[in-house]
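Working notes, beginning with the structure itself.
The values are calculated or read from the model by the stated rules, or taken from the named source; none is laboratory data. Bear in mind that the values here come from a model prediction, so they are computed numbers and not experimental data. Neighbour counts run over all protein chains shown; Cβ positions are idealised from the backbone, glycine included. Surface accessibility is based on the protein's heavy atoms, side chains included, excluding ligands, DNA and RNA. Shrake-Rupley method; radii C 1.70, N 1.55, O 1.52, S 1.80 Å.
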Amino acid sequence: MSRIGRLPVVVPAGVTVEIKENNDVIVKGPKGTLEKSLPAEMEIKLEDGQVIVTRPSDLKKMKALHGLTRTLVSNMVVGVSEGYQKILEVNGVGYKVAKQGKKLVLSLGYSHPVEMEDPEGLESIVEGNKVTVKGIDKEKVGQYAAEIRDKRRPEPYKGKGIKYADEVIRRKVGKTGKK
C-alpha cells in the first residue's frame with residue numbers, strides 16, 4: 001500500500017466535501033470553494049468525516065495515482081480551511097517592490113518597472129522588501145510565487161534578486177586579482 005495514499009483525509013468542522021461521478025470533487029469551506037477533477041481510476045469515498053482513497057489494482061501507475069489523489073484532496077481541504085501562503089524577499093541595492101491596486105510593481109534593475117497583475121483568487125501583500133502571496137489553491141499560490149521569482153532570480157555572488165523566505169542561496173567567491 002501507498003504510505004501516503006492509505007492515510008484518511010480528516011475533514012474539519014465547517015468544511016464540506018462532495019464527490020460526484022468521474023471523481024469530480026467539490027470542497028467548500030470558510031475561505032471559499034475548490035473544484036477539481038481527480039483521476040477516474042481511483043475510488044474516493046466519504047466515510048464519517050474522513051475521505052478515503054483506494055486503488056483498484058497494484059499496477060505501478062495506480063500506485064503513483066493513489067498517493068497523488070489523496071494529497072490533492074488533502075491540499076483542497078487545507079486550502080479552504082486555512083489557506084496557503086508563500087513569502088518572497090527582494091534583495092539588492094535599488095530593488096523595490098510596491099503595490100498599485102491589484103498590480104505588483106517590481107523595480108529590479110531593468111530599464112523599466114515590471115508590472116504583474118494578481119491572478120483570480122490570489123492576493124499579494126507587500127511589506128517593505130517582502131511579498132506575501134496568499135490563496136486557497138496551493139498550486140496557483142506556488143505558480144504565481146514562482147513567476148514573481150523568475151523576474152529576477154537570486155544570483156550566487158552578491159545574493160541579489162527575488163528569493164523565497166526559506167530559500168538558502170549557495171554563495172560563490174568572486175574573482176581575485178593578479179599577484
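Listed values, structure above:
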quantity: Residue satisfying condition, being among the acidic types (Asp, Glu), open to solvent by 20 Å² or more (accessible area, probe 1.4 Å), out of contact with any Gly (no Cβ under 7 Å at 6 or more places or on another chain) and over 23 Å from Glu35 (Cβ atoms), within set Glu127, Glu82, Glu120; calculated: Glu127
quantity: Tally of residues being under 21 Å from the mean Cα position of the chain (by Cα) and part of a strand (DSSP E or B) across the stretch 1-16; calculated: 2
quantity: The stretch 140-165 - residue that is free of Cβ contacts under 8 Å to residues at least 24 places away in the same chain and surrounded by fewer than 17 Cβ atoms within 10 Å (Cβ to Cβ) and, of those, nearest to Leu88 (Cα to Cα); calculated: Ala146
quantity: Output for the stretch 85-106, where each listed residue is open to solvent by 70 Å² or more (accessible area, probe 1.4 Å), closer than 20 Å to Glu155 by Cβ and of a type outside the set (Val, Ile, Thr); calculated: Lys96
quantity: The stretch 166-179 - residue that is open to solvent by 100 Å² or more (accessible area, probe 1.4 Å) and not charged (D, E, K, R) and, of those, modelled with the lowest pLDDT; calculated: Thr176
quantity: Residue within the stretch 46-67 that is open to solvent by less than 70 Å² (accessible area, probe 1.4 Å), farther than 27 Å from Val133 by Cβ, part of a loop (DSSP other than H, G, I, E, B) and in contact (Cβ under 8 Å) with a residue 12 or more places away in the chain present; calculated: yes
quantity: Filtered residue count, the stretch 5-19, keeping only those that are closer than 20 Å to Asp137 by Cα and either in contact with a strand residue (DSSP E or B) (Cβ under 9 Å, 6 or more places away or on another chain) or open to solvent by less than 90 Å² (accessible area, probe 1.4 Å) (or both); calculated: 10
quantity: Qualifying residue in the stretch 6-19 (condition: basic (Lys, Arg) and at pLDDT 90 or above); calculated: no
quantity: Extreme residue, farthest from the chain's Cα centre (by Cα), among residues of the stretch 20-45 that are outside any loop (DSSP other than H, G, I, E, B), basic (Lys, Arg) and surrounded by 15 or more Cβ atoms within 10 Å (Cβ to Cβ); calculated: Lys28
quantity: Among the residues listed as Val73, Val97, the single one being within 13 Å of Val11 (Cβ to Cβ) and either in contact with a Gly (Cβ under 8 Å, 6 or more places away or on another chain) or touching a residue at least 12 places away in the same chain (Cβ under 8 Å) (or both); calculated: Val73
